[in-house]
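Asker: Quick one: the structure is below, questions incoming.
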Amino acid sequence: MKKKICIFGGSSSGIKKEHEKLAITLGQIIAENNFDIVYGGGENGIMGAIAKSSITFGAKTIGIIPEHLIKDELINTNFPNQTNTELIITKTMHKRKQLMYSKSDAFLILPGGIGTLDECFEVLTWCQLNIIKNKNVGIINFSGYWDPLIKLIHNIINEQFMKIENLNYFEEIKNIQSLRKFLKSI
């Protein structure tokens with residue numbers, strides 16, 4: 001059975017085209033390393049780009065979306081291989097995230113907005129509280145997008161609101177080599 005990586009990323013592509021290009025490259029690398037993905041279910045933005053790319057290169061996707069977002073986000077209508085997709089519709093965002101976490105063996109945080117931050121911090125909190133155990137979290141920071149986040153986490157530690165051991169709950173991934181190493185560790 002293939003392992004699954006949960007992808008958190010923007011439902012838009014942002015201002016810089018490099019973020020979407022990165023998502024396409026990551027989708028290919030994930031598929032080529034024999035992983036499937038779990039993601040938010042939308043076709044747009046970063047999450048749509050990585051899902052389409054991973055399917056193109058042979059991965060399966062499990063999209064999980066709450067019913068109240070269905071009309072705002074296109075879901076699995078233009079994907080290259082419909083047989084490689086599964087869509088789960090939940091009643092609430094909380095159920096969505098709970099399913100995403102339970103179905104995944106690891107997590108990757110790509111560029112995104114406040115929703116991506118919410119998912120990132122919730123996963124890290126669940127790791128800290130031992131709700132999620134032995135699942136790697138990677139923060140994709142190829143172009144420095146998450147530099148302010150990394151700086152904030154270090155400031156939280158310096159201000160003693162978090163222990164330095166919490167840095168062990170995630171890995172900052174700055175390039176393709178780091179990503180390949182991360183995937184091998186899952």
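Asker: In the structure displayed, which of K16/K95; K16/K163; K16/K103; K91/K135; K16/K133; K91/K184 lie more than 29 Å apart, Cα to Cα?
Answerer: Details: K16/K95 32 Å; K16/K163 34 Å; K16/K103 31 Å; K91/K135 26 Å; K16/K133 34 Å; K91/K184 35 Å.
Violating the 29 Å Cα-Cα cut-off are K16/K95; K16/K163; K16/K103; K16/K133; K91/K184.
Asker: So, R0 is 41 Å and r is the distance between the beta-carbons of T92 and I156; what FRET efficiency does that work out to, to 0.05?
Answerer: Values: r = 29 Å, r/R0 = 0.70.
Efficiency, rounded to the nearest 0.05: 0.90.
Asker: Say each of K163 and E122 gets a label point 7 Å from the Cα, pointing the same way as Cα to Cβ; how far apart are those two points in nm?
Answerer: Modelled inter-label distance: 2.5 nm.
Asker: Which is farthest toward the positive dipole end of the stretch 1-69 among G42, L69, T25, measuring Cα position about the Cα centre, with Cβ charges +1 (Lys, Arg) and -1 (Asp, Glu)?
Answerer: T25
Asker: Amide H neighbours of N44 under 5 Å, counting only residues 5+ apart in sequence or on other chains, H built in-plane at 1.01 Å?
Answerer: L74
Asker: Next up: What number do you get for the stretch 3-184 when its Cα radius of gyration is normalised by 2.2 N^0.38 Å, N = residues?
Answerer: Numbers: Rg = 15.5 Å, N = 182, 2.2 N^0.38 = 15.9 Å.
The value comes to 0.97.
Asker: Where nothing but the Cβ of Lys and Arg (+1) and of Asp and Glu (-1) is charged, how large is the charge dipole of the stretch 1-64 around its Cα centre, in debye to the nearest 20?
Answerer: Result for the stretch 1-64 is approximately 80 debye, rounded to the nearest 20.
Asker: Continuing with this model, one more query. Sort S185, S13, S104 so the one with the fewest other Cβ atoms within 10 Å of its own Cβ comes first.
Answerer: Details: S185 10, S13 20, S104 23.
Least crowded to most crowded, the residues run S185, S13, S104.
Asker: So, one more: What's the magnitude of the charge dipole for the chain around its Cα centre, counting Lys and Arg as +1 and Asp and Glu as -1 at the beta-carbon? Answer in Debye, nearest 20. It would help to have the intermediate numbers written out before the result.
Answerer: On the way: 22 positive and 18 negative charges, 89 e Å.
Dipole about the Cα centre, nearest 20: 420 debye.
Asker: Normalised by the residues of the chain, what does the relative contact order come to in percent, with Cα pairs under 8 Å and at least six apart?
Answerer: Details: 334 pairs, mean separation 39.2, N = 186.
Reported relative contact order: 21 percent.
Every read-out reported here was derived from the displayed coordinates using simple, explicitly stated rules and does not represent laboratory data. Being a predicted model, the structure only gives us computed values, none of them experimental. Cβ sites come from the backbone with ideal geometry, for glycine too, and all protein chains shown count toward neighbours.
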